[in-house]
Every structure is written in structure tokens, then in C-alpha cells.
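Student: If you scroll down you'll find the structure; I have some questions about it.
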Amino acid sequence: MVEPNPFTTAPIMLSLAFAVALLTGFVMSVWLTSRQMRHVAQHRGTVPAAFAQTISLTAHQKAADYTVAKARVGLIEIALGVVALLGWTLLGGLDAVNRALLTHMDGGMLQQLALLASFALISGAIDLPLSWYQTFVLEARFGFNKMTLGLWLSDLLKSTAMATLIGMPVAAAILWLMGATGPAWWLWAWGLWMGFNLLLLMIYPTFIAPLFNQFKPLEDETLKTRVTALMQRCGFAAKGLFVMDGSKRSAHGNAYFTGFGAAKRVVFYDTLLAKLSPGEVDAVLAHELGHFKHKHIIKRIVAMFAISLAGFALLGWVASKPWFYLGLGVTPNFGVPNDALALLLFMLVIPTFGFFLSPVFAQLSRRHEFEADAYAAAHTSASELGSALLKLYEDNASTLTPDPVYVKFHYSHPPASERLSRLHG
């Protein structure tokens with residue numbers, strides 16, 4: 001009896017596993033999105049009883065139409081993503097780009113960086129038309145887009161420049177570690193990646209974010225006094241209170257903390273301050289404080305550390321296996337490094353299998369939101385938080401009637417009915 005050749009069977013098994021996972025994820029995504037569209041459309045005609053006194057039928061129908069329109073675009077995005085992923089992997093796109101570069105370069109560091117850059121540019125070009133449509137057609141149709149074409153292009157150029165100036169040196173360092181530090185390279189690369197992410201958290205508020213938006217100190221003295229008093233009651237210190245000119249891009253409103261350690265800042269969108277009363281701003285800020293007091297940020301960072309460590313360890317194992325490349329439509333290089341190929345293939349494939357864990361992470365995120373809501377209700381006013389949330393749901397055209405199964409998979413925040421029920425229950 002002839003024993004099966006693992007170099008023949010392993011690539012086939014990987015190809016089959018990847019294809020099955022991709023097809024299953026695609027079918028589930030389409031099914032979930034279709035459920036969401038049907039459910040929202042079926043409940044479009046009537047405001048839920050719990051909101052009948054606070055949300056108008058017109059606002060409810062706008063939210064339903066906006067949700068369905070976004071879902072339709074989402075279906076296109078899902079299909080485009082699957083086609084692009086198949087094109088890069090099993091259909092040989094990444095292999096073709098790699099071979100083309102090797103005909104002109106020697107396969108060293110420059111060729112590997114060129115492969116990463118080529119992938120990023122081609123992927124960006126594929127995504128660009130849909131990004132433009134979402135901004136200038138979908139968001140504009142519902143009155144949310146405030147961006148000009150010039151600002152959109154400026155953001156695109158700045159993002160590309162930042163990715164090049166920051167991303168390429170980090171990528172080069174990881175590629176060097178992969179080739180120079182032996183079998184345990186993945187541990188060194190993980191340490192570098194985590195250090196980079198922590199550094200980014202510290203420098204983003206003061207060096208990167210201002211390249212895209214203006215941040216002015218909060219000038220409303222009454223509001224500043226209220227917010228400062230709230231933070232003191234909660235034992236929280238920040239480097240400053242700032243207002244961001246979010247209105248130059250969108251009518252959506254938000255508030256958030258940014259930074260890490262001593263570099264933390266409180267940032268309010270100007271659109272948010274224009275819509276909420278001082279008490280409601282307090283409640284929204286207290287919600288964000290709740291995330292810090294419950295150590296949600298630290299927990300997420302620790303989880304990111306653990307997941308990325310497991311990811312780098314797995315990459316360290318498969319990067320040396322020929323079947324990993326062959327099973328994903330790429331012929332590994334002979335005599336030159338395969339490190340950039342390994343990084344790209346791993347980055348492409350892992351989300352396909354990670355999709356099936358999305359309900360777990362969504363559930364954890366929703367639990368954190370409930371805890372932050374409870375903290376805000378205890379330190380400010382449950383009714384003020386409830387009214388603020390209603391205003392934000394209405395102003396952002398968030399549907400009040402999402403499909404429950406879709407929520408389980410995709411909602412990082414609880415639906416309005418669940419949040420308000422807990423606040424007033």
C-alpha cells in the first residue's frame with residue numbers, strides 16, 4: 001500500500017478547508033445581512049411602542065431606509081471581498097505579483113517591501129470606488145456627508161503617506177527579524193508589533209489625529225466646569241478637553257477618549273455638543289469613563305496581546321511549511337526569502353476563519369457597553385443618558401428594530417431597546 005505524500009495531500013487539505021470556510025462565511029454573511037434587511041423593512045411602518053412618545057415615524061422610517069441602504073452596499077462589499085480574496089489566493093494573484101517582481105529584483109528586502117506595497121496599492125484601488133460611493137452617494141442621500149471631493153482626496157493622500165512613512169519601516173523591521181533571529185523570530189516580531197501599537201496609542205492624539213482634524217480646547221466654561229467636576233468625582237485625570245471639527249466630514253456625532261497613560265484626552269465632536277444638553281453630555285462622558293473604570297481598555301489591550309501572540313506563533317509555524325503556500329495558490333520562492341509572502345497570506349486567510357468567532361467578541365463588547373451604561377447611570381442620571389442615547393440613535397439614523405440574529409453576530413453595542421430597558425428597568 002502506497003503511503004500518501006504529505007507534500008501532496010497537505011496543500012489540497014488546506015485549499016479545501018480555506019474554500020469551505022470562505023464559502024460558509026460568505027453564505028452566512030449574506031444570510032445575516034438579508035435577515036437584517038427584511039426585519040428592518042417589515043417593522044418600518046410602525047415606531048416600536050417603547051419609543052412611540054420620543055421618536056417620530058419620519059425619523060424611524062429614515063433609520064430603516066438608511067439601514068437597508070447600508071446593508072445593500074454591505075452585500076456588494078461582501079461579494080467584492082470574496083472575489084478579491086479568491087483572486088489573491090487560489091486564483092494566483094499574489095503569486096503573479098510576486099513572480100513579476102522577482103523578474104526585476106533579486107528577492108531581497110527591497111523586493112519583499114515592493115510586494116507588500118504592491119498588495120496595499122492594488123487592494124486600495126479595488127476598495128476605492130465603493131468607499132467613494134459610500135461617502136458621496138449613500139451618506140449624502142441621507143444628509144450625513146459633509147466632505148468635499150478635495151477633502152476626501154486629501155484624507156486619502158495623507159492616509160497613504162502615513163501608512164508609507166510608518167508602516168514600511170515597521171514592515172521592514174519585522175521582515176528583518178524573520179530572517180535574522182532564527183526559529184523564535186515570531187516572538188521578537190510580536191514584541192516589536194506590540195511595542196509599536198502601544199507607541200501609536202501614545203502619539204496618535206498629539207501627532208497623527210491633528211493631521212486630519214482640528215482639535216480646539218473646550219471653550220464653554222459652564223460645560224467645562226461640569227465635565228471637570230464629573231471627572232474629579234470619578235477619580236479620572238486627562239490631559240485636556242477638546243472639541244473636534246467632525247462636522248466638516250459628517251453629521252454623525254460622538255465623544256471618545258484617546259491616547260494612553262498620561263496622554264489621554266477627552267474629545268467631543270462639535271456635532272455632539274450641538275445636539276446634547278449639558279446633562280446629556282455629562283452622561284455620555286460618564287459612559288466613556290465607565291469603560292476606563294471597569295478596565296475595559298486594559299482588558300482589550302491584554303486580549304490583543306494574547307491573540308496577536310497566538311497569531312505570530314501560528315505564523316512562525318506555517319511560514320516554514322511549503323503546503324501553506326501551495327495550498328493558498330502561491331509557489332514558494334526557492335533560494336530567496338518567503339517572509340513577505342507568508343505575512344500577506346496569513347493576513348488574508350486568518351479573517352476567513354476568525355469570522356466564526358465574531359459572535360463571541362460581539363457579545364463581550366455588548367457586555368462592556370452595558371457595564372459602562374450602568375456606571376454612567378450611577379454617577380450622573382439614567383434619564384439623561386437615556387435621552388442622550390435616543391438623540392444619538394435618531395441623529396445617526398440607527399434602526400430601533402434590528403434583526404436579533406444579526407445583532408448577535410455584528411453589533412458591538414446593544415440595540416436601543418435593550419440599553420434603555422436596562423437603564424429604566
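Student: May I ask which residue of 382, 414, 8 lies farthest towards the positive end of the charge dipole of the chain, with charges of +1 (Lys, Arg) and -1 (Asp, Glu) on Cβ and the Cα centre as origin?
Tutor: 382
Student: As an exercise, take the mean of 1/r over every pair of distinct alpha carbons in the stretch 39-117, invert it, and state the Kirkwood radius in angstroms.
Tutor: 16.7 Å
Student: Also: Summing -39500 (n - 2.57) over the DSSP H runs of n ≥ 4 in the chain and dividing by its residue number, what mean residue ellipticity at 222 nm do you reach, to the nearest 500 deg cm²/dmol?
Tutor: Roughly -22000 deg cm²/dmol at 222 nm, from the helical runs in the chain.
Student: For residue 62, list the aspartates and glutamates whose Cα falls under 14 Å from its own Cα; do not include residues on the same chain fewer than 8 positions away.
Tutor: 139, 394, 395
Student: What is the diffusion coefficient of the stretch 100-216 in µm²/s, taking the Kirkwood radius over Cα pairs and the Stokes-Einstein relation at 4 °C with a viscosity of 1.567 mPa s?
Tutor: Approximately 76 µm²/s, per Stokes-Einstein.
Student: What lysines does residue 295 reach when the alpha-carbon gap must be under 18 Å and sequence neighbours fewer than 8 apart in one chain are set aside?
Tutor: In chain and number order, the partners are 264.
Student: A follow-up question, please. Rounded, prolate or oblate: which fits the stretch 147-233 when a ≥ b ≥ c are the square roots of the eigenvalues of the alpha-carbon gyration tensor, with rounded for a/c under 1.5 and prolate only if a/b beats b/c?
Tutor: oblate
Student: State which helices in the chain qualify, where a helix is a whole DSSP H run, it must extend 30 Å or more along its own axis by its Cα atoms, and its mean Kyte-Doolittle hydropathy must be at least 0.5.
Tutor: 6-42, 57-88, 109-133, 296-318
Student: Another one. Could you tell me, in Å, what Rg and Dmax come out for the Cα atoms of the stretch 188-255?
Tutor: Just the Cα atoms of the stretch 188-255 yield Rg and Dmax of 15.8, 50 Å.
Student: If you don't mind, there's one more thing I want to ask. Rounded, prolate or oblate: pick one for the stretch 293-343, where a ≥ b ≥ c are the square roots of the eigenvalues of its C-alpha gyration tensor, a/c under 1.5 means rounded, and failing that, prolate if a/b is larger than b/c, else oblate.
Tutor: The shape class here is prolate.
Student: So if I take the centroid of the Cα atoms in the stretch 71-135 and the same for the stretch 39-62, what is the distance between those two points in Å?
Tutor: So the two Cα centres are separated by 41 Å.
Student: Continuing with the same structure: Using the C-alpha atoms of the stretch 361-422, what convex hull volume per residue, in cubic angstrom, is computed? Don't skip to the end; give the middle numbers.
Tutor: Working: hull volume 4.5 nm³, N = 62.
It is 72 Å³ per residue.
Student: Give me the percent relative contact order of the chain, please, defined on Cα pairs under 8 angstrom at least 6 residues apart. Please list the in-between numbers first.
Tutor: On the way: 457 pairs, mean separation 103.8, N = 425.
Worked out over the chain, it gives 24 percent.
Student: Tally Lys/Arg at +1 and Asp/Glu at -1 over every other residue whose Cβ is under 13 Å from the Cβ of residue 238; what's the total?
Tutor: Charge balance in the 13 Å sphere: +3.
Student: With a ≥ b ≥ c the root eigenvalues of the C-alpha gyration tensor of the stretch 1-139, is it rounded (a/c under 1.5), prolate (a/b larger than b/c) or oblate?
Tutor: It comes out oblate by the Cα gyration axes.
Student: Taking the Cβ of residue 258 as the centre, find all other residues whose Cβ is under 9 Å away and add up their charges (Lys, Arg: +1; Asp, Glu: -1).
Tutor: Result for the local shell: +2.
Student: Sticking with this structure for a sec: What's the local net charge at residue 340, with K and R +1, D and E -1, over the other residues with C-beta under 14 Å away?
Tutor: -2
Student: Between 145, 396, 213, find the one with the highest GNM mean-square fluctuation for the chain; connect C-alpha pairs within less than 10 Å.
Tutor: 213
Student: Using the eigenvalues of the Cα gyration tensor, what equivalent ellipsoid semi-axes result for the stretch 293-400 when each is taken as the square root of five times the eigenvalue, whole Å, largest first?
Tutor: 44, 16, 10
Student: Find the percent of Cα-Cα distances in the chain that exceed 30 Å, and round it to a whole number.
Tutor: 53 percent
Student: Below 16 Å, Cα to Cα, which lysines can residue 146 reach? Residues fewer than 8 away in the same chain don't count.
Tutor: 248
Readers should treat all values here as calculations from the given coordinates under stated rules, not as data from a laboratory. All of these numbers come straight from a predicted model, not from anything done at the bench. Cβ: placed from backbone, ideal geometry, glycine included. Neighbour counts: every protein chain shown.
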